[in-house]
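Following: one structure in structure tokens, then a few remarks.
The values are calculated or read from the model by the stated rules, or taken from the named source; none is laboratory data. Since this is a predicted model, take the numbers as computed values, not measurements. For neighbour counting, all protein chains shown are included, and Cβ atoms are generated from backbone atoms with ideal geometry for every residue, glycine included. To get the accessible areas, we keep the full protein, side chains included, count just its heavy atoms, and leave off ligands, DNA and RNA. Shrake-Rupley method; radii C 1.70, N 1.55, O 1.52, S 1.80 Å.
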Amino acid sequence: MGSGSKRGVAASNGISTVISARGAPSPNNNDGERTSKWLKAIFLFFFLLISGMSNWAVIAYTHDYVPRTPLPDIVFSLVGEQRWASSLGDACVALCIILLGGLLLIHQHRGTVLKRVVFCAATLYAMRSITLAATQLPSGYTDNKGRCRDQVASKPSVFFGRLFEQTIRIGFQSKDQMLCGDLLFSGHTLVMVTCSLAVAYYLPKSIKPLQWIAHVSCFVGMICMIISRTHYTIDVIIAYWLSNMVFRIYHAYCELDMCMERHKSILYSWWPCRIIDWLEQDIVPGRLDNRCSFPWRRLTRGINRERGGANGEAVSSDSSSTTCDTNATTHHHQKHVSISSSSTYPLPC
């Protein structure tokens with residue numbers, strides 16, 4: 001067999017084992033890139049923390065000013081208050097979070113998926129703190145006076161005590177004697193919708209039907225939020241719309257295949273997209289390749305690489321990448337493709 005034929009066969013075999021690097025960082029893992037990753041992780045942590053605490057702070061303050069007479073609601077007029085549905089709604093929220101956690105455990109690009117979900121959730125909670133502060137709606141319970149805590153004179157000690165309580169409980173409240181006015185828009189719904197969208201979008205194709213567990217749980221949870229009168233119908237509708245909008249705008253923007261196309265898009269004029277641009281600058285543009293890669297397989301791959309190196313086999317550590325560096329005046333669009341052995345190939349689902 002001639003050298004040309006050998007090269008053709010090698011190329012043919014190699015192409016079948018090329019690892020897609022959608023969502024993979026640049027192969028140049030220098031100190032600057034590691035610092036950038038830590039900076040982004042710290043930013044996202046505090047963004048989510050501040051967004052969440054701002055919600056709790058607004059509730060702690062506005063509770064004493066919220067009226068106690070429920071507003072009319074079309075579902076309330078048709079269905080009586082179902083107190084059992086509140087616990088079921090909380091269970092649906094927990095199930096959606098568990099499903100997202102499972103996805104993060106098996107996904108090849110779990111870090112990228114987590115980063116995107118955290119930013120979407122933090123952005124939504126920041127929006128929610130503004131709507132809560134702008135307009136206070138009375139709770140929709142049949143017995144608001146019995147379900148809500150007494151209203152007292154506003155004092156710093158009362159405010160900070162409530163804020164500390166909400167922080168310790170991560171926003172969860174008991175079903176009786178609660179802080180009221182935490183309504184527009186539904187925090188339960190934004191969590192369920194964001195989780196279900198992420199699960200449906202990032203599940204590998206072979207286990208894609210599992211997305212319906214998240215979708216059904218989200219739908220049932222939203223219904224429970226209304227019939228238990230934890231939220232008005234409008235709270236759930238607005239939360240559903242906004243959660244879809246933020247999630248889809250993020251992905252529509254970061255999946256443009258050229259960095260320059262992103263900056264020419266009308267989405268770039270929306271301020272969150274400037275932050276998205278920074279968060280995604282070391283990520284390959286385009287849709288992620290949804291593959292399974294269990295964390296404990298890294299140890300096995302590391303051992304295989306060491307053995308391969310000891311046997312004189314060449315093992316490539318580079319991955320195909322095309323990254324966006326918004327700090328540079330000129331955007332370079334480079335592709336690095338590597339051929340790796342089957343022992344390092346992500347576990348296909």
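Filtered by the rule that a residue be more than 32 Å from the chain's Cα centre (by Cα) and among the polar types (S, T, N, Q), the range 41-85 gives Thr69, Ser77.
Quick one: which helices (runs of 4 or more DSSP H) sit completely within the range 188-289 and have at least 1 residues that are modelled with pLDDT of 85 or more?
Numbers: elements: 211-227, 233-254, 259-264, 271-279.
Where helices (runs of 4 or more DSSP H) fall fully within the range 188-289 and carry at least 1 residues being modelled with pLDDT of 85 or more, they are 211-227, 233-254, 271-279.
Which members of the range 47-69 meet the condition of being in a helix (DSSP H, G or I) and in contact with a strand residue (DSSP E or B) (Cβ under 8 Å, 6 or more places away or on another chain)?
Correct list: His63 only.
Number of residues in the range 109-148 that are modelled with pLDDT of 90 or more and among the basic types (Lys, Arg): the value is 3. Which ones in the range 70-90 are surrounded by 14 or more Cβ atoms within 10 Å (Cβ to Cβ) and not in a loop (DSSP other than H, G, I, E, B)? Passing the criteria: Val75, Phe76, Ala85, Ser86, Leu88, Gly89, Asp90. Hey, could you check the range 162-181 for residues that are touching a residue at least 40 places away in the same chain (Cβ under 8 Å) and not in a loop (DSSP other than H, G, I, E, B) and say which is surrounded by the fewest Cβ atoms within 10 Å (Cβ to Cβ)? So the residue we want is Thr167.
Ile213 meets each of the listed conditions (1) under 13 Å from Leu95 (Cβ atoms); (2) in contact with an Asp or Glu (Cβ under 7 Å, 6 or more places away or on another chain) apart from (2). Restricted to the range 130-146, and to residues there that are open to solvent by 20 Å² or more (accessible area, probe 1.4 Å) and touching a residue at least 12 places away in the same chain (Cβ under 8 Å), the residue that is nearest to Tyr250 (Cα to Cα) is Thr131.
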